[in-house]
Structure formats: structure tokens, C-alpha cells
Amino acid sequence: YGTKLSTWEKVGILTRCLKAIEHFSKYYDEVILYTYDYCEDLKKYVKILPRNVTFICMSQGYPKIAYNIISLVKYRKKLKEAGIARSWQLWGSWVALLHKVIYKSKFILRQGFQFSLFAKNKSLLLYVLATIYECLAYRMADIIIVTTPKDKEYIAKKYKIKSSKIVVIPNWVDVELFKPMKKVKKERGKVVFVGRLEKQKNILSLIDAVKDLSNVKLYVYGKGSLESKIRDKIRREGIKNVFIMGVIKNEFLPYELNTAEIFVLPSYYEGHPKALIEAMACGLPVIGSDVEGIRDIIINGKTGLLCSTSPESIREKIEFLLENPELRRKLGENARKYIVRHLSLKMIIEKELSIHKKLLTLVNGDDWPSEKSESEATC
């Protein structure tokens, strides 16, 4: 809700998000991207997308909720031809839900995390509102896509939704972009963290873990509400080996990962963390906390190492890996193989496309379109 393409660009994930849309465009006559950008601001994005990706966008002065309602009428000629309305996350998916009601489309509710669980850590009121909306949206959706089996279990149990209606499709990695770069030199002792600077990510414990290690340099990529607190901590304690780098564009991240020796994600909880699987795709040895969402990806001792969320445990694993270059090599190779086999872009997107095929057959009985040629699908 409220997300713009410029928002994706600002936080560095524009190219990653557009990859899925580009892939869908190979199979459809038209992919309509519903955004909260002002129409006059979309010109530069039109140029980088296939010509069969079109936009629904805001006019100046419209409140977002009014835009949600008015746009469904204003663009009715375009929207009524769409067989599927697919959300990016739960919050804001009421546009897709209304599309289903008004234009009799199929509604795919896709989300990367359970909003009610997120809201539970914020406030009771938000949790109640999130729970009510989840209940409605899950019952109205034709298919619910989640990233982990745990999310599927949560929805089925809490909201009494048929298990067959919930599909687990994990996050994907562009393994042609995120890959080992043999010509890039590793920086001795460089440890990387990528993620939001929020309590969930346990970044303060990571800083405490490395602050007294003279052979370690920690590079922190990301933004969040804890940034000022982190900077104050670094200044107050005179920490010299932690560097706050801010947001990095997704297309530049593979190079930075390849210059590092270790990636660390010490979160208190996760869904299906993109930063972790991107680091693994680069062949980087990874350390992650032994919590839900991370232990499902890291096989301890094979595709990475698991630690607790305490500074002492994180420090122990970092020191152990730095002292064992052969183990780092093996963990990195195994991590890359795991991602290529299970989480590549083409593989994951085609899992979703198989769902589209079934739903569209139910809509009108048409044959599933074949992939368009490159000249048809691109500018």
C-alpha cells in the first residue's frame, strides 16, 4: 500500500522487483502494474520495461484510498480484461480483492510475511485490524502464496483455510546476477550484513560481537529506525571497525558481497530472507541465527553455520570461520549449489506461472500462452 517504483529505487530493490514483472511479460499480452507513482514520474521506468508492461498511476492531489476506488472505475476498460489480480503483499491487496469482486477475475494473494505477526510486535489495535483483514482476504483469495511452510501452517490453522488453497513459493535469486566473481579480490576480515536496521535484525548484537575483533571489519548495508542509535553507539564506544554504508542498489550488491569473506544475519526471526539467499548465491559462507526462517535455509555445517542471537555466539562463529579458509570455501560452494538447485529466478517464477495457468483455464478455458520471443517481449 502506497509503494511506488521510486520507493523501490530509493531502497535499492527496483531491479530485483522488476525481474519478476519482466518474466511475466514473456507470457502475457499485457501486464498491468498498479502503482502509487504520479503518472508524470513514470517516464523513466517505462523505458526500462518491456513494452507490454503498462501502468495504472495516480494523479496529483488524490488521497491514496480515493485513488484505490476511483482507479477501478477510471481504468475499467483496461482492468476488465485482466484474468488475474495479483498482490505484492497483503497490506494494500484490497485493490486486487475489489478487482475480483467487480470484474470477476481470479485473485492471487501473495505475501512474504504474515502481517498479523508483524503487527503483534507493534500494537494491539494494529494486530486486531491485521487479523480481521487477513481473515477476509484469505477467504476471498483464490490462491494464497507464502514463502515458507510455517506461514502456510499458520494461515491454515488460525483462519481455517483449506491447505490446498495455500501454496509455498519461496523467494528467488537471479543466479546470473548474484554469483561468484573470480576476478574480485576478497578483503581480509571483511564481514557483511545487509538488511533493515530494525530490532528484528539484531544488528546491535552483531556490532557487540565484532567491536573488539581487530582482524574484522563489519560493513552494514541498509536503513532503518535504529540507524541513529547505531551511529551513537559507534561514536560513544569509539568503535573503529564497523562501517554504516547505507542503502545499496541491488545490482551493485553482488560485487560488494564478493569482496567479503563472511555474511552474517543474526535476526531474532525471519520469513524467507532475500539478503541471505543472495549472499549464498554469490558463494559466500554465511552465518545465521538458529531461528525460524533462517534454519530452514542454512543446513548447519553444510551450507552455512548457525549461531544463537547472543554477541558471544556470533563472535565465536565469525572467529571460527576466519580461522578455517577451507571450510569457508566448502560452505560457499555448497551454498551456491543449494540456491541454484532450489531458488533460481526461472524455477521459482515458473512455479507461480503454473498456478496462473490453472486459474486462467478456470476463467475462460483458453490455452496457456507460450513464451513470447525476445523481440515481442522487450522494447
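The values are calculated or read from the model by the stated rules, or taken from the named source; none is laboratory data. What you see is a predicted model; the values in this text were computed from it and never measured. Every residue, glycine among them, receives a Cβ derived from its backbone with ideal geometry; neighbour counts consider all protein chains shown. With ligands, DNA and RNA removed, areas are computed over all heavy atoms of the protein, side chains included. Shrake-Rupley method; radii C 1.70, N 1.55, O 1.52, S 1.80 Å.
In table form, for the structure just shown:
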read-out: Accessible area of the chain belonging to carbon and sulfur atoms, whole % at 1.4 Å probe; value: 56 percent
read-out: Candidates per trypsin sites (Lys or Arg not before Pro) in the stretch 88-162, loop by DSSP, up to 11 other Cβ within 10 Å; value: LYS104, LYS122, LYS160, LYS162
read-out: Cα gyration tensor, the stretch 1-62 - rounded (a/c under 1.5), prolate or oblate; value: oblate
read-out: Only Lys, Arg (+1) and Asp, Glu (-1) charged, at Cβ; the chain dipole about Cα centre in debye; value: 420 debye
read-out: For GLY304, distant residues with modelled amide H under 5 Å away; value: ILE299
read-out: HN-Hα J in Hz across the stretch 72-87 - Karplus 6.51, -1.76, 1.60, θ = phi - 60°, x for Gly and Pro; value: 5, 8, 4, 9, 4, 4, 6, 6, 5, 8, 7, x, 10, 10, 10, 8
read-out: Label-zone membership for the stretch 1-41, site LYS122, 7 angstrom Cα→C-beta point, backbone N under 15 Å; value: 1-3
read-out: Dipole axis of the chain (+1 Lys, Arg; -1 Asp, Glu on Cβ), positive-most option in SER123, LEU331, ILE65; value: ILE65
read-out: 5 angstrom amide H check on LEU213, placed H, neighbours 5+ away; value: none
read-out: J(HN,Hα) series, the stretch 174-184, from Karplus relation 6.51 cos²θ - 1.76 cosθ + 1.60, nearest Hz, glycine and proline x; value: 7, 6, 7, 8, 8, 7, x, 10, 5, 8, 8
read-out: Against the rule of thumb 2.2 N^0.38 Å, how large the Cα Rg of the stretch 60-216 comes out; value: 1.39
read-out: J(HN,Hα) series, the stretch 115-127, from Karplus relation 6.51 cos²θ - 1.76 cosθ + 1.60, nearest Hz, glycine and proline x; value: 4, 5, 5, 5, 5, 4, 7, 9, 7, 5, 4, 5, 4
read-out: Stretchable slack from PHE243 to GLU323, in nm (0.36 nm times residue separation minus alpha-carbon distance); value: 26.6 nm
read-out: Å² of accessible area per residue within the stretch 140-261, as computed with a 1.4 Å probe and no ligands counted; value: 50 Å²
read-out: Additional length obtainable on full extension of the chain from GLU312 to ARG236, 0.36 nm per residue less Cα span; value: 25.3 nm
read-out: Among LEU343, VAL146, LEU177 the positive-end extreme of the charge dipole of the chain (Cβ point charges); value: VAL146
read-out: Subset of LYS80/LYS152; LYS4/LYS47; LYS223/LYS351; LYS10/LYS120 violating a 20 Å alpha-carbon distance limit; value: LYS80/LYS152; LYS223/LYS351; LYS10/LYS120
read-out: Filtered trypsin sites (Lys or Arg not before Pro), the stretch 203-301: DSSP coil and at most 15 other beta carbons within 10 Å; value: LYS240, LYS249, ARG295
read-out: Candidates per GluC sites (Glu not before Pro) in the stretch 1-101, loop by DSSP, up to 16 other Cβ within 10 Å; value: GLU30, GLU81
read-out: Full-extension gain in nm, LYS157 to LYS302, via 0.36 nm per residue minus C-alpha separation; value: 48.9 nm
read-out: Dipole magnitude of the stretch 8-163 about its Cα centre (Cβ charges: Lys, Arg +1; Asp, Glu -1), debye to nearest 20; value: 320 debye
read-out: Mean residue ellipticity (222 nm) of the chain, computed from DSSP H runs ≥ 4 via -39,500 (n - 2.57), nearest 500; value: -13000 deg cm²/dmol
read-out: Span from the the stretch 1-77 Cα centroid across to the the stretch 102-136 one, whole angstrom; value: 22 Å
read-out: Coarse-grained scattering of the chain at q = 0.15 Å⁻¹, given as base-10 log I(q)/I(0) from a Debye sum over alpha-carbon atoms; value: -1.43
read-out: FRET efficiency estimate (nearest 0.05) - Cβ-Cβ, ASP29 to GLN200, R0 51 angstrom; value: 0.80
read-out: Three semi-axes of the equivalent ellipsoid, the stretch 149-256, Cα gyration tensor, whole Å, largest first; value: 34, 22, 12
read-out: Built amide H within the under 5 Å cut-off of TYR38, gap 5+; value: MET58
